[in-house]
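To start, the structure under review is shown below, and the notes come after it.
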Amino acid sequence: MTEQIKKTRLLSLDAFRGLTIAAMIVVNSPGDWEHVFPPLRHSEWNGCTPTDLVFPCFIFMMGLSIVFAFSSKKADPKLHGGIILKAFKRMLIIVGIGLALQLIHSLNFAQLRFPGVLQRIGVVYFIATCLYIKLSKKALIVTSAVILLLYYGVVCLFPPAGLSAVTPTENASAWFDHLVLSPGHLAKFAYTDPCGILGTFPAVVTAMIGIFVGLTLKNDEHTAERKTINLLIGGNILILAGLIFSLVFPLNKPLWSSSYVLYAGGICTVGFAIFYWIIDIKGNFSRSWLLSVLGINAITAYVLSEALPNLLNLVKVSDQGKGARGIRIFDHFVFLKVFTPEWASLFTAILYLVLIWSIMYVLYKKQWIIKI
């Protein structure tokens, strides 16, 4: 990357986002879904594994990016309408891409899942942008607290009539999704869609935490060292608050529980602070560019990783009655001959990550940034 681009970007954000996208690709592309490498599994219900931190990390960084994109324009109300319209258009594009990816996998509109990763990213981006543009920092804090407390009340204290527990098949989030959407338009692998409608609201607070980090970095009254310390302190406070809140509202990614928002947001803040200190303050960029290859075109890398298997699966290899398609050829006919099924599955996912990285490296070298 040229020196000019280095000076115009927050390098730690690119690297941290790249690490997140790399983790997303590895998690979503195992060599064998029946033998997923244990650390790469999501919690079945309550709890939080390292894998459960990947999605909120991306939303967190999206919130941080909002500050760097619009901070210079926030003070002028005349520009707000244009910003909101731009954010709305971007939301529609991201949601549209999310739906299109599903149709690529299965051209079946009757079974088209409306909630999804990109759909949530798009909607959260729009809401978070509107809130950031229109509200003061104090109002953003109050709004975030109100959302988390109201969500806790709806799910745990005052659930819809007929619900007496918070379980994978009995909770306010699933109840609302099945009330508004037909089962055909929800996730097929779980009764509670992990990207459900109600869970989008606490996800907005995850973006808000990123916005607060962005506001900290934009505070010219503090030195870079002071900013790092503030982020580390704030992040650990959020982690502790999340753990305390989990005593009444357990950490839960499918529900995107209020405690999960605080806990994951705290870990994201601490992780980013470390990257910020090492890369932007200390100037150790020599290896972080490996992550920035994915981070600079993050959504493009994610979309490519989701769409490419359809092309790769056109290739099929059979041997002694056993067959495999695409990247899973390496799992079945290479890695399984040396490793256990779980390790073979992991190495196949890493190989796929290397493939995606190699394609994105071409964009990186040409300094092409695809903006959505």
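Readers should treat all values here as calculations from the given coordinates under stated rules, not as data from a laboratory. Because the structure is predicted, anything quoted here is derived from the model rather than measured. Every residue, glycine as well, gets a Cβ built from its backbone with ideal geometry; the counts of neighbours run over all protein chains shown.
Assorted remarks:
- Remark: relative contact order (the range 1-143) = 20 percent; criterion is Cα-Cα distance under 8 angstrom and separation of 6 or more residues.
- Across the range 53-281, the relative contact order, built from alpha-carbon pairs under 8 Å that are at least six residues apart, equals 25 percent.
- Computed over the alpha carbons of the chain, Rg followed by Dmax gives 21.0, 69 Å.
- Stretch gain in nm, segment Thr223-Ser164, where the contour uses 0.36 nm per residue and the Cα spacing is subtracted: 16.1 nm
- Cross-link pairs Lys78/Lys137; Lys218/Lys282; Lys137/Lys371; Lys74/Lys227 - those with Cα-Cα distance over 24 Å: Lys137/Lys371
- FRET efficiency, 1/(1 + (r/R0)^6) with R0 22 Å, evaluated for Leu290 and Val317 via beta carbons: 0.10
- Rough spin-label spacing in nm, given labels placed 7 Å along Cα→Cβ, for Glu44 and Tyr361: 4.1
- Cα-centred dipole magnitude for the chain, charges only on beta-carbon of K, R (+1) and D, E (-1), debye, nearest 20: 1200
- Converting phi to 3J(HN,Hα) with the Karplus coefficients 6.51, -1.76 and 1.60 and the offset θ = phi - 60°, the range 226-231 yields 5, 4, 4, 4, 4, 5 Hz in sequence order, with x at every glycine or proline.
- Going from the residue with the fewest nearby Cβ atoms within 10 Å to the one with the most, Lys74, Lys227, Lys316 rank Lys316, Lys74, Lys227.
- Each label point was placed 7 Å from the Cα along the Cα-to-Cβ direction; for His105 and Lys371 their separation is 3.1 nm.
- Residue-wise HN-Hα coupling along the range 336-345, computed from phi with Karplus coefficients 6.51, -1.76, 1.60 (Hz; x: Gly, Pro): 5, 6, 10, 10, 5, x, 5, 5, 4, 4
- Distance from the alpha carbon centroid of the range 126-187 to that of the range 299-329 works out to 37 angstrom.
- Karplus-derived HN-Hα couplings along the range 42-48 (A = 6.51, B = -1.76, C = 1.60, θ = phi - 60°), whole Hz, x at Gly and Pro: 7, 5, 5, 8, 6, x, 8
- Calculated mean residue ellipticity, 222 nm, the chain: -20000 deg cm²/dmol, from DSSP H runs (n ≥ 4) at -39500 (n - 2.57) each, averaged per residue and rounded to 500.
- Relative to the Cα centre, the charge distribution of the range 121-239, modelled as +1 at Lys and Arg Cβ and -1 at Asp and Glu Cβ, gives a dipole magnitude of about 300 debye.
- Spin-label model distance (nm) - Ala190 vs Asp76, 7 Å beyond Cα toward Cβ: 4.4
- Taking amide H as placed 1.01 Å from N in the peptide plane, Leu251 has its amide H under 5 Å from the amide H of Gly47, each at least 5 places away in sequence or on another chain.
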